[in-house]
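For reference, the structure is listed below as structure tokens.
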Amino acid sequence: MTFKSIWLSLGLRFALIAVILVWTLTFLHRSVERPAFVQRSYCISDGFSDQEKQMIREGAAIWDYRAPEARFVERCEPNAIQVKIPFGEKRRWITSTYDHPGLWTMGLHEPATNTIWLMEDRVSRMSELRVFASHEFGHVMNLPDLSIEHPAIMNEAIRHEVETDFHLYEDDITFLCKEQACR
Ligand SMILES: [Zn+2]
């Protein structure tokens, strides 16, 4: 065996080991990063009209992307996410804390009470309520607010096209599949 051929075969062995190592690490990293599928239940308050309830259901259902079982199921049980309209003290707290000049809070996910608050009286169209509801369901799964540079359900402010063309956008899917397994 010449020096050159030994060098090549060693190189090939190292390359093979490197490939196996990278593949194993990638596999481990992915299984750590993507938790198992989680299904959550939610309960819509009777304060919403039938039409509003339908918008909230559609908002929750949009996240069923590549999930054989729905990620959110409507079932009123003690640990269900409560979808409510804020009144009184709660409404004063939300508006004083989260409203900004020119930017009104339309929805809020409050993890401490496992509640999605929706300001249904602030929407001008039902399709708007659907986007706000779906956005808050995204926060339930730890999805972050996204800048309005690209269209997404998780945009920090509503983009008209997301309301008229209601579906998950690329950035939504990227973050969803980071937080929860997409099969
Ligand atoms: Zn948000």
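Each value in this text was obtained by applying a stated rule to the coordinates, not by laboratory testing. Values in this document were obtained by computation on a predicted structure and should not be read as measured data. Note that we place each Cβ from the backbone using ideal geometry, even for glycine, and neighbour counts take in every protein chain shown.
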Exposure-ranked with fewest Cβ neighbours within 10 Å first, ARG71, ARG125 stand as ARG125, ARG71
Distance (nanometres) between label positions extended 7 Å along Cα→Cβ at LYS90 and ASP121:
1.4 nm
Taking the Cα-to-Cβ direction at HIS160 and at ALA70 and moving 7 Å from each Cα, how far apart do the two end points lie in nm?
3.2 nm
What percent do you get for the relative contact order of region 40-179 when only Cα pairs under 8 Å and 6+ apart count?
23 percent
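Starting with the fewest neighbours, write out SER134, SER127, SER45 ranked by other beta-carbon atoms found within 10 Å of each beta-carbon.
Neighbour counts put them in this order, fewest first: SER127, SER45, SER134.
State the percent of C-alpha pairs, over all pairs in region 40-179, separated by a distance greater than 25 angstrom.
Tail of the P(r) past 25 Å holds 20 percent of the pairs.
For THR97, THR113, what ranking results if the residue with the fewest other Cβ atoms within 10 Å of its Cβ goes first? Intermediate results must be reported in sequence, preceding the final value.
On the way: THR97 9, THR113 12.
Ranking THR97, THR113 by Cβ neighbours within 10 Å, fewest first, gives THR97, THR113.
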Would you mind checking which residues have amide H under 5 Å from ILE85's amide H? H placed 1.01 Å from N; only 5 or more apart, or other chain.
LEU118
